[in-house]
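Input: a single structure, listed below in structure tokens.
Read-outs: derived from the displayed coordinates by stated rules, not from any lab. Here the structure is a predicted model, which is why all the values come from computation and not from measurement. As a convention, Cβ positions derive from the backbone with ideal geometry for all residues, glycine included, and neighbour counts pool all protein chains shown.
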Amino acid sequence: MRKNGLDEDVYILAIESSCDETAAAVVKNGRQVLSNVISSQIALHTLYGGVVPEIASRKHIEKINQVVEAALEEAHMALEEMTAVAVTYGPGLVGALLVGVAEAKAIAYGAGKPLVGVHHIEGHVSANFIEHPDLEPPFVCLIVSGGHTHLVVVKDYGEFEILGRTRDDAAGEAFDKVARAVGLGYPGGPKVDKTAREGNPEAIRFPRAKVEGAPYDFSFSGLKSAVLNYMNHAKMTGEEICVPDLAASFQAAVVDVLVSHTVDAAKKLGYRKVAMAGGVASNSALRAGMRRACKRAGIELYYPSPVLCTDNGAMIGAAGYYEYMKGARSGWDLNAVPNLRLGER
Ligand code: KG4
Ligand code: ZN
């Protein structure tokens, strides 16, 4: 499935504003990225140690027109040449999502183009299609972002069977909270990743949580508490904390669980292909651990480049293409759905 019924190329103008990146992209036939413009607010939110929703919405409003214009310009294309406009409508921060949704509706209505609402997590999964032309469903996918941790079977484009999910914190959230506790700052994931490279992952034995009766579910709150307890204990006894060892040991505990759940599921259910998606999928220890385990199990592993793992417009363009080809069209009443669940419309 590459072209629409008229045998024309399909160009999607995609918009993403669910959290702290204002992003737009032009994607051709679902897998070819003609432009991918990302305006990050990270520096702004760093001042507060995390994303401040009200500030995020205001910044999106300031940036969105420029970002969309830049995406078209970099693609050397005009709005009239687009086949459809795709936009993330959930899940995410409601005020942030609304900016993208309003922009997409205005552009699509004004230009007379179809509008396609995209699920943010479907976008993350679809980032894998961009750099792996051979990857097609079905496959097992580990989705690990700041707000979500899901283990799914991607049965077809945009069709998911959920095998497991987190019972408490998302994997990225655990990284962010631990980073804040040890003073590494925001955003925590990349900082823990970098610091852990100088540490010993076996220095401290942190728990690898299993959820009774739900082999593919995750729980990270116990691990987060174990890290905090370790720090409190060290403080009370006057021991010095080796931050790189702590970061590496925490990261190893997260990675072990993510890798074992994913590879177990693929083996048990008989899938030979595994993909990863979301911001945490750019973690170097997770990539290395998953590579090792998949190689041992004879499983083909896929993950996007780091820039396509964290929030971006190209992934929404890829997902938007497959939704468009299936005939999905949103009305002019499309609204932001902050707690949109995977598999829901
Ligand atoms: O997918 P994403 O950009 O946004 C959401 O949809 O949530 O993911 C952001 C999350 C943050 O929690 C961030 O700390 C984490 O991904 N992250 C990482 C790394 N890069 C980003 N976590 C671990 N290691 C990384 N290298
Ligand atoms: Zn995301």
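Here the 3J(HN,Hα) profile of region 47-63, calculated from phi with Karplus coefficients 6.51, -1.76 and 1.60 at θ = phi - 60°, is 4, 9, x, x, 6, 9, x, 5, 5, 4, 4, 4, 5, 4, 4, 4, 9 Hz, Gly and Pro shown as x. For region 1-95, applying the loop criterion from DSSP together with a ceiling of 11 other beta carbons within 10 Å to the chymotrypsin sites (Phe, Trp or Tyr not before Pro) yields TYR48.
Sorting the segments 288-295, 61-68 by their residues' average number of neighbouring beta-carbon atoms within 10 angstrom, most packed first, yields 61-68, 288-295. A Stokes-Einstein calculation at 4 °C with viscosity 1.567 mPa s, built on the Kirkwood radius of the chain over Cα pairs, returns a diffusion coefficient of 63 µm²/s. Modelled spin labels at ARG329 and LEU47, positioned 7 Å past Cα toward Cβ, are 4.5 nm from each other. Which percentage, to the nearest 5, of the DSSP beta bridges contained in the chain is antiparallel? Of those bridges, close to 60 percent are antiparallel.
With helices as the sole contributors, the chain gives -14000 deg cm²/dmol at 222 nm; each DSSP H run of n ≥ 4 counts as -39500 (n - 2.57), and the sum is divided by every residue. Scoring 139-146, 188-195 by mean Cβ neighbours within 10 Å over their residues and listing the highest first yields 139-146, 188-195. Less than 5 angstrom separates the built amide H of VAL116 from those of VAL85, ALA86, VAL87, SER330, all sequence-distant by 5 or more or on a different chain.
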